[in-house]
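Coordinate-derived values only; no laboratory data. These numbers were taken from a predicted model, which means no experiment stands behind them. So basically every Cβ, Gly included, is an ideal-geometry build from the backbone, and we count neighbours across all protein chains shown.
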Amino acid sequence: MSDQPSDILELRLDYLESLDSSILRHLMEKRNKLILTVREPSEGGRNRFTDANRLQFFTTAREMGFMTDIEAKFLVKYGALNSYIASFHKMEGILNRKEIEYPISSLSGRYTYFKIAAPATRENRLALIELVQTYGNVAAMELGGEPMYRIAFSILGSKLLYCSLGERTAEGQMDCKDARDIITKIWVNYDHSGGKPIP
């Protein structure tokens with residue numbers, strides 16, 4: 001993992017045919033560098049698992065010290081569960097501020113970051129920027145659209161930048177090496193003492 005152009009790797013375990021928490025013991029050594037995700041198909045996931053199966057898996061993973069990314073609606077439904085990332089994926093349409101502010105506030109203290117993904121529209125882009133600027137721990141990204149917008153959201157304060165190592169798991173993802181190269185160029189060409197771009 002040390003040669004990968006990323007800080008943390010997300011393992012999309014919803015790509016597996018079955019979900020068994022025994023896999024966790026094989027991942028223990030790398031648990032501080034992994035985010036475990038079992039995405040629901042309604043929010044862009046691949047395979048469907050029962051709530052009982054997901055709850056048991058996530059509970060065990062959290063007890064073992066793994067970082068997880070769990071849908072906000074699942075966290076609302078199962079009140080004792082916490083997650084490193086609470087996520088909300090609007091697969092179609094325009095973001096409604098009320099539908100997103102309720103889980104952000106009601107789950108407060110039960111997540112480190114709140115990830116919001118929405119279709120690439122002007123309305124959603126403006127809503128995502130506003131949410132990033134309103135809340136200090138939001139990660140915003142577009143589904144589809146130009147991958148450069150994901151970097152733009154990071155520059156504006158989004159806390160996480162998702163990119164891919166090989167096959168994309170979501171539309172709009174940029175290759176991690178390309179993302180790191182762009183961010184490095186921006187960082188190198190910035191006057192860190194005065195906060196202005198170098199001409």
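Tell me, what is the Rg over Rh of the chain, with Rh the Kirkwood radius over Cα pairs? Could the numbers behind the result be given before it?
Values: Rg = 17.1 Å, Rh = 17.7 Å.
Ratio of gyration radius to Kirkwood radius for the chain: 0.97.
With both partners inside the chain, how many of the DSSP beta bridges are antiparallel, as a percent to the nearest 5? Intermediate results must be reported in sequence, preceding the final value.
Details: 2 of 26 bridges.
Roughly 10 percent of the DSSP beta bridges within the chain come out antiparallel.
Using the Cα centre as the reference, give the magnitude of the dipole from point charges on the C-beta atoms of the chain (Lys, Arg: +1; Asp, Glu: -1; all else neutral), rounded to the nearest 20 debye. Walk me through the numbers before you get to the answer.
Values: 26 positive and 26 negative charges, 75 e Å.
That gives a dipole near 360 debye.
Springs between alpha-carbon pairs under 10 angstrom, Gaussian network model over the chain: which of TYR113, TYR78, TYR162 fluctuates most?
TYR78
Could you tell me the ratio Rg/Rh of segment 78-174? Both radii from Cα atoms, Rh via Kirkwood. Before the final figure, lay out each step's value.
On the way: Rg = 12.9 Å, Rh = 13.6 Å.
Looking at segment 78-174, the ratio lands at 0.95.
Using 27 Å as the Cα-Cα cut-off, could you pick out the over-long pairs in LYS30/LYS159; LYS77/LYS159; LYS33/LYS185; LYS30/LYS115; LYS73/LYS185?
Numbers: LYS30/LYS159 22 Å; LYS77/LYS159 25 Å; LYS33/LYS185 25 Å; LYS30/LYS115 23 Å; LYS73/LYS185 38 Å.
Beyond 27 Å: LYS73/LYS185.
Name the long-range amide H neighbours of LYS115: under 5 Å, sequence gap of 5 or more, or other chain; modelled H, no Pro or chain starts.
For LYS115, the qualifying residues are ALA86, SER87, PHE88, ALA139.
When N counts the residues of segment 45-123, how does its alpha-carbon radius of gyration compare numerically with 2.2 N^0.38 Å, as a ratio? Can you show the working numbers first?
Working: Rg = 13.3 Å, N = 79, 2.2 N^0.38 = 11.6 Å.
Dividing the Cα radius of gyration by 2.2 N^0.38 Å gives 1.15.
Anyone know which of GLY65, GLY44, GLY144 comes out most mobile in the 10 Å Cα GNM of the chain?
Of GLY65, GLY44, GLY144, the Gaussian network model singles out GLY65 as fluctuating most.
Comparing SER83, SER22, SER154, which has the greatest mean-square fluctuation in the GNM of the chain with Cα pairs linked when under 10 Å apart?
Result: SER22 has the largest fluctuation of those listed.
Can you pull the one-decimal nm distance between simple spin-label points at ASN32 and GLU146, each 7 Å off the Cα toward Cβ?
Here the answer is 3.9 nm between the modelled labels.
Quote the Stokes-Einstein diffusion coefficient, in whole µm² s⁻¹, for segment 1-93, based on the Kirkwood radius over alpha carbon pairs, a temperature of 25 °C and a viscosity of 0.890 mPa s. Walk me through the numbers before you get to the answer.
Working: Rh = 13.7 Å.
Using the Kirkwood radius from Cα pairs, D works out to 179 µm²/s.
Spelling out what I want: for every residue of segment 103-118, take phi, set θ = phi - 60°, compute 6.51 cos²θ - 1.76 cosθ + 1.60 (Karplus), and round to whole Hz; glycine and proline get x.
3J(HN,Hα) across segment 103-118, in whole Hz: x, 4, 7, 5, 9, 3, x, 10, 8, 8, 10, 10, 9, 10, 10, 8.
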